[in-house]
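Engineer: Once you've had a glance at the structure underneath, I'll fire off some questions.
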Amino acid sequence: MRKENKGTGTSLPMPNTEGRLQPTLVLATLSASFGSVFQYGYNITVINTPHKVMKSFYNDTYFERHGTFMDENTLLLLWSCTVSMFPLGGLLGSLIVGLMVNKWGRKGTLLINNVFAITSAILMGTSKVARSFELIILSRVLVGICAGIAYSALPMYLGELAPRNLRGTLGTMTEVFCVVGILLGQIFSLQDILGNATGWPILLALTGVPALIQLFSLPFFPESPRYTLIEKGDEDAARQALRRLRGHSYDVEAEIEEMRTEERTEQAEGRLSVFNLFTFRPLRWQLISIIVLMAGQQLSGINVVHYYADIIYTSAGVDPTKSQYVTVGDGVICLVMTLISAVTVERLGRRILLLSGYAICISACLVLTTALLLQSTVPELSYLAIVCVFTFIMGHAIGPSTVPSVLRTEIILQSSRTAALTVDGAVHWLSNFIMGLAFPSIQVAIGAYSFVIFAALCLLAAAYIYVVIPETKGRTFVEINCAFAKRNGVEFPQEKEGTTAKPHPPSLRAKETSF
């Protein structure tokens, strides 16, 4: 595109307003993602395969101290604590991330967060030598805090780093690298690699490697330009960061003006805390949408399907010693479909990926229920159950797993984003914990019919998305909030030429608070 030079009448190139994947943007995304949410995925799966040899270590250590072995109930309690400390740490991390990103910024928070990962890696790696299973339990809390902080801070950083037309693709990197962590955790924990009596301390300590890589690489990349301009008031630094991220041909001033518009819009709101966010009318449906997206993601049964997969594979005739390799196949499929979602989210949009993903999950749950109920009389249906597990994982990876990471940043403006993502993280980890706690009892009570409950929860989430959540592809943050205005009952004045509509503030302004 070209414009006319008024002095000479010749045409000059127009500044580019379409963001591209510049090297700085790509490398910043890789550094931030690999060193943060990778920890989440890796530590979900890393103790699953070596759990028998780790329990033996617990029992042997106890014998050395007391001269007797633990009874089964005590050992089960200790192992349950080891597993459950991770989501508990995640919940703690999600509650403090808002304070951290406001004080130290998005990039600063990710860098400080590496302390938790490196400390836990050292403690877990030396636990066998120290003959202390308590170090493992403590480390699971610390690495959980790391995952909780990363899961909220990373999408905020990437969403504010990306140009409008690439925001969806970069936003899905949160889930992409989480799945990469899950897959590598499954591979490294194979009994033939590190999931054995001698290798498990190294297996657990590997969580520190991505943290070290990020600690030495991320400082070379810019802080979020939106945070720098809107919250720190440093326009020159924001402009310099944009030039590095967008390239010299990009119209940086147009994006700076967009940030100023967002800043002016937010001046009527004030900075929202977690508490007054729930009573702030102009963001009512945005907040409800975040809660539904994150609760739906966890309550849809994705972790339960992973949990139930081994039983399904065994009933279909898979050798129990080989089921770990089939589980790796699950991870490969999940990663492939997540990458497909990352590539198509800017072409197809957010809504269609979410709705189609939930539709696949609903169908898979209903067919899986039928297959599980009838496989005792029709053994061939066991193989259909395996297909249903893979189909469910594919459907979830297309939309419900990946897209919420994009939407939760897009539908909230800058001044409210940290408070909203604190709520987001708390809902995510609480839902995760509740599902892990409740499913065993549900499964014992109603067996295969438990997947009908998950189908119903998926249907409710899909219905809400269809009715309430607008398409956000290609829109600015202010335009997305304008789309929620009518539902929130907030009036917008007529848009003037060259300006963006601003929300009419409610009668009571939100007060600025730290939490």
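Engineer: Note down all Cβ pairs under 6 Å where the first residue falls in segment 88-105 and is farther than 25 Å from T228 by Cβ, the second is aliphatic (A, V, I, L, M) and open to solvent by 10 Å² or more (accessible area, probe 1.4 Å), and they're at least six residues apart or on different chains.
Structural biologist: That search, which allows pairs on different chains as well, returns G89/V141; G89/I145; L92/I145.
Engineer: Among the residues of segment 177-193 satisfying the criterion of being open to solvent by 10 Å² or more (accessible area, probe 1.4 Å) and in contact with a Leu (Cβ under 9 Å, 6 or more places away or on another chain), which is nearest to V328 (Cα to Cα)? Walk me through how you get there before you give the answer.
Structural biologist: If we filter segment 177-193 for residues that are open to solvent by 10 Å² or more (accessible area, probe 1.4 Å), which is where we start, we get 177, 180, 182-184, 186-188, 190-193.
With in contact with a Leu (Cβ under 9 Å, 6 or more places away or on another chain) added as a condition, the list becomes 177, 180, 182-184, 188, 193.
Working: F177: 16, V180: 11, I182: 9, L183: 7, L184: 9, F188: 10, I193: 13 Å.
My answer is L183.
Engineer: Which of the residues spanning segment 28-43 are of a type in the set (A, V, I, L, M) and either closer than 16 Å to L194 by Cβ or touching a Cys at 6+ places or on another chain (Cβ under 8 Å) (or both)?
Structural biologist: Our first condition is that a residue be of a type in the set (A, V, I, L, M); within segment 28-43, this holds for 28, 30, 32, 37.
V37 - this is the single residue of segment 28-43 that is of a type in the set (A, V, I, L, M) and either closer than 16 Å to L194 by Cβ or touching a Cys at 6+ places or on another chain (Cβ under 8 Å) (or both).
Engineer: So which of G395, G301, G329 ends up being small (G, A, S) and under 17 Å from L183 (Cα atoms)? Lay out the reasoning, then the answer.
Structural biologist: Details: G395 fails: under 17 Å from L183 (Cα atoms); G301 fails: under 17 Å from L183 (Cα atoms).
Result of the check over G395, G301, G329: G329.
Engineer: Inspect segment 361-380 for any residue being within 20 Å of I44 (Cβ to Cβ) and either buried (at least 19 other Cβ atoms within 10 Å of the Cβ) or among the basic types (K, R) (or both) and give the result as yes or no. Give the steps one after another, and end with the answer.
Structural biologist: Applying the first criterion (within 20 Å of I44 (Cβ to Cβ)) to segment 361-380 yields 361.
Next, only the ones that are either buried (at least 19 other Cβ atoms within 10 Å of the Cβ) or among the basic types (K, R) (or both) stay: 361.
The answer is yes, given that some residue of segment 361-380 is within 20 Å of I44 (Cβ to Cβ) and either buried (at least 19 other Cβ atoms within 10 Å of the Cβ) or among the basic types (K, R) (or both).
Engineer: Against the conditions (1) surrounded by fewer than 24 Cβ atoms within 10 Å (Cβ to Cβ); (2) in a helix (DSSP H, G or I), where does I149 fall short? Just the number, please.
Structural biologist: (1)
Engineer: Please state which one of T109, T174 is in a helix (DSSP H, G or I), in contact with a Pro (Cβ under 6 Å, 6 or more places away or on another chain) and either buried (at least 24 other Cβ atoms within 10 Å of the Cβ) or without any contact (Cβ under 8 Å) to a residue 12 or more places away in the chain (or both). Please lay out each step first, then the result.
Structural biologist: Working: T109 fails: in contact with a Pro (Cβ under 6 Å, 6 or more places away or on another chain).
Sole residue among the options that is in a helix (DSSP H, G or I), in contact with a Pro (Cβ under 6 Å, 6 or more places away or on another chain) and either buried (at least 24 other Cβ atoms within 10 Å of the Cβ) or without any contact (Cβ under 8 Å) to a residue 12 or more places away in the chain (or both): T174.
Engineer: Hey, could you check segment 137-146 for residues that are open to solvent by less than 10 Å² (accessible area, probe 1.4 Å) and in contact with a Leu (Cβ under 7 Å, 6 or more places away or on another chain) and say which is nearest to A205 (Cα to Cα)?
Structural biologist: S139
Engineer: Which residues, counting only those in segment 233-251, are in contact (Cβ under 8 Å) with a residue 60 or more places away in the chain and surrounded by fewer than 20 Cβ atoms within 10 Å (Cβ to Cβ)? Before you say what the answer is, go through the steps one by one.
Structural biologist: Here is the first cut: in segment 233-251, the residues in contact (Cβ under 8 Å) with a residue 60 or more places away in the chain are 244-247, 249-251.
Of everything in segment 233-251, those that are in contact (Cβ under 8 Å) with a residue 60 or more places away in the chain and surrounded by fewer than 20 Cβ atoms within 10 Å (Cβ to Cβ) turn out to be R244, G247, S249, D251.
Engineer: So, one more: Restricting attention to segment 45-61, which residues are open to solvent by 60 Å² or more (accessible area, probe 1.4 Å) and free of Cβ contacts under 8 Å to residues at least 40 places away in the same chain?
Structural biologist: Once the filter is applied, which keeps residues that are open to solvent by 60 Å² or more (accessible area, probe 1.4 Å) and free of Cβ contacts under 8 Å to residues at least 40 places away in the same chain, segment 45-61 yields K52, D60.
Engineer: Let me ask another. β-branched (V, I, T), assigned to a loop (DSSP other than H, G, I, E, B) and either in contact with a Pro (Cβ under 8 Å, 6 or more places away or on another chain) or farther than 25 Å from E175 by Cα (or both): does that describe V378?
Structural biologist: Values: β-branched (V, I, T): yes; assigned to a loop (DSSP other than H, G, I, E, B): yes; either in contact with a Pro (Cβ under 8 Å, 6 or more places away or on another chain) or farther than 25 Å from E175 by Cα (or both): yes.
Here the answer is yes, as V378 does meet what is asked.
Engineer: Take segment 293-327 and flag every residue that is within 23 Å of the chain's Cα centre (by Cα), part of a helix (DSSP H, G or I) and either on the phi > 0 side of the Ramachandran plot or modelled with pLDDT under 70 (or both).
Structural biologist: Start the filter on segment 293-327 by keeping residues that are within 23 Å of the chain's Cα centre (by Cα), which leaves 293-309, 327.
Retained after the next criterion (residues that are part of a helix (DSSP H, G or I)): 293-299, 302-309, 327.
Result: H306, Y307, Y308, A309.
Engineer: Another question, if that's okay. I need the full set of residues from segment 209-225 which are open to solvent by 10 Å² or more (accessible area, probe 1.4 Å) and part of a helix (DSSP H, G or I), in order please.
Structural biologist: V209, L212, I213, L215, F216, S217, P219, F220
Engineer: Hey, can you tell me all the residues within segment 112-127 that are within 20 Å of the chain's Cα centre (by Cα) and open to solvent by less than 40 Å² (accessible area, probe 1.4 Å)?
Structural biologist: N113, N114, A117, listed by residue number.
Engineer: Please work out if A254 is at pLDDT 90 or above and assigned to a helix (DSSP H, G or I).
Structural biologist: Working: at pLDDT 90 or above: no; assigned to a helix (DSSP H, G or I): yes.
In short, no.
Engineer: Which of (1) surrounded by fewer than 18 Cβ atoms within 10 Å (Cβ to Cβ); (2) over 30 Å from E231 (Cβ atoms); (3) touching a residue at least 12 places away in the same chain (Cβ under 8 Å) does L430 not meet, given it meets every other one?
Structural biologist: (2)
Engineer: Return the residues of segment 322-347 that are over 17 Å from L166 (Cβ atoms) and among the acidic types (D, E); say none if nothing qualifies.
Structural biologist: Of everything in segment 322-347, just one residue is over 17 Å from L166 (Cβ atoms) and among the acidic types (D, E), namely D330.
Engineer: Considering only segment 130-139, how many residues are assigned to a helix (DSSP H, G or I), in contact (Cβ under 8 Å) with a residue 60 or more places away in the chain and farther than 10 Å from A117 by Cα?
Structural biologist: Of the residues in segment 130-139, the ones assigned to a helix (DSSP H, G or I) are 130, 133-139.
In the following step, the residues that additionally are in contact (Cβ under 8 Å) with a residue 60 or more places away in the chain were identified as 133, 136, 139.
Narrowing further to those that are farther than 10 Å from A117 by Cα: 133, 136.
Residues in segment 130-139 being assigned to a helix (DSSP H, G or I), in contact (Cβ under 8 Å) with a residue 60 or more places away in the chain and farther than 10 Å from A117 by Cα: 2 in total.
Engineer: Does segment 412-434 contain any residue that is outside any helix (DSSP H, G or I) and out of contact with any strand residue (DSSP E or B) (no Cβ under 6 Å at 6 or more places or on another chain)? Talk me through it step by step, then tell me what you get.
Structural biologist: Of the residues in segment 412-434, the ones outside any helix (DSSP H, G or I) are 412-413.
From the residues that got through so far, the ones that are out of contact with any strand residue (DSSP E or B) (no Cβ under 6 Å at 6 or more places or on another chain) too are 412-413.
Yes, segment 412-434 has at least one match.
Engineer: Test R351 against the stated conditions and say whether it is of a type in the set (K, R), surrounded by fewer than 19 Cβ atoms within 10 Å (Cβ to Cβ) and touching a residue at least 40 places away in the same chain (Cβ under 8 Å). Even if it seems obvious, please write down each step before you answer.
Structural biologist: Numbers: of a type in the set (K, R): yes; surrounded by fewer than 19 Cβ atoms within 10 Å (Cβ to Cβ): yes; touching a residue at least 40 places away in the same chain (Cβ under 8 Å): yes.
When the stated conditions are applied, R351 passes them.
The values are calculated or read from the model by the stated rules, or taken from the named source; none is laboratory data. Bear in mind the structure is a predicted one, so any value in this text is a computation, not a measurement. Glycine gets a Cβ as well: all are built from the backbone with ideal geometry, and neighbour counts include every protein chain shown. The protein model used for the area step is the full one, side chains on, heavy atoms only, and it has no ligands, DNA or RNA in it. Shrake-Rupley method; radii C 1.70, N 1.55, O 1.52, S 1.80 Å.
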